[in-house]
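One structure below.
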Amino acid sequence: MVSKLNNQHIDLKGEMAMQNVLSLKSSDISSILEELQERVEQAPHFFIDTPLIVDCSKLDEDQQATLSYDGLLTGVKALSFVPVAVRNIAQEFTASAVKAGWGILPERKLKEDEKDNNRQSQVADDNLDNLPATKTTVITYPVRSGQQVIEPEGDLVVLAHSGAGSELLAAGSIHVYGKISGRVIAGMHGDTSARIFCKDLQAELIAIAGQYLLLDEAETDLAGKSAMIYLNEGHIYIEPLIF
């Protein structure tokens, strides 16, 4: 016999939300927060009140022991992040993180391709791009203000338009065959070969592989026109797209 759940007081639903992962390479709080502030200043409105997870997988035990978890919490809050949890931390240091106010997430097991990338990145100073994604999701309806559409494994294709205040996110490239507004984030897992294609560029914010650009601060005359957006040597470029 199947019992009926009581749902008079709550609804519990899964929801995909934009979250940031801060992967630490040192335990120097001043340097960490200084670099994080530089990244935030590229697109200050984008990070306001967004969840933040700290990944300690690149820190050895000595660095995890000397890391100021309370100082890190205070610093990221000052930059308008919502600190959520620490992951990939040695068991003996979890009490310090929890006391500071962090949650603890279980160790994230890397996929084989991520392990290969990490091995090579140690040789190449963490400068290896992730493998391009291959899956494609096609959206046939307009993405309205406040809606978020995510393709976590591949490309995202929108056959209509995206409204102001919407968010499009994809592991690969993003194609919009109409007006593109709101926030558009391609290469969300680090794929620097990801691109953004659109028929009418009016996005508030553009991002590829962690590099961000506000359209009203971009040096381009392609606002309102067809455009292709790509990343080259850490810089975002916007070029005309000829259909």
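Among the residues of region 150-163, what is the count of those that are within 13 Å of Ser181 (Cα to Cα) and crowded, with 16+ Cβ neighbours inside 10 Å?
Of the residues in that region, 4 qualify.
Looking only at region 205-243, filter to residues that are of a type in the set (Ser, Thr, Tyr) and assigned to a strand (DSSP E or B); which one of those is modelled with the lowest pLDDT? Don't jump to the end; show me each part of the working.
We begin by selecting, within region 205-243, every residue of a type in the set (Ser, Thr, Tyr); these are 212, 220, 226, 230, 237.
With the extra rule that they be assigned to a strand (DSSP E or B), the set shrinks to 212, 230, 237.
Details: Tyr212: 82, Tyr230: 95, Tyr237: 93.
Going through the qualifying residues, I end up with Tyr212.
Considering only residues that are over 13 Å from the mean Cα position of the chain (by Cα) and small (Gly, Ala, Ser), which ones fall in region 201-222?
Passing the criteria: Ala203, Ala218.
Residues of region 164-192 being within 19 Å of Asn232 (Cα to Cα), small (Gly, Ala, Ser) and either surrounded by 19 or more Cβ atoms within 10 Å (Cβ to Cβ) or in contact with a strand residue (DSSP E or B) (Cβ under 8 Å, 6 or more places away or on another chain) (or both), which ones?
Ala170, Ala171, Gly172, Ser173, Ala186, Gly187, listed by residue number.
Can you tell me which residues in region 35-73 are among the hydroxyl-bearing types (Ser, Thr, Tyr) and under 14 Å from the mean Cα position of the chain (by Cα)?
Thr50
When you check Ile180 against the structure, is it touching a residue at least 40 places away in the same chain (Cβ under 8 Å) and of a type in the set (Val, Ile, Thr), yes or no?
no
Give Lys135, Lys199 a once-over and let me know the one that is modelled with pLDDT of 90 or more, of a type in the set (Lys, Arg), surrounded by fewer than 19 Cβ atoms within 10 Å (Cβ to Cβ) and more than 28 Å from Lys25 (Cβ to Cβ).
The unique qualifying residue is Lys199.
One line per residue, one yes/no per condition, for (1) modelled with pLDDT under 95; (2) not in a strand (DSSP E or B):
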position: Leu169; (1), (2): yes, no
position: His175; (1), (2): no, no
position: Ile185; (1), (2): yes, no
position: His189; (1), (2): yes, yes
position: Ala194; (1), (2): no, yes
position: Ala203; (1), (2): yes, yes
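The values are calculated or read from the model by the stated rules, or taken from the named source; none is laboratory data. As the structure is a prediction and not an experimental result, all values here were calculated from the model. Cβ coordinates were reconstructed from backbone atoms using ideal geometry, including for glycine residues, and neighbour counts include every protein chain displayed.
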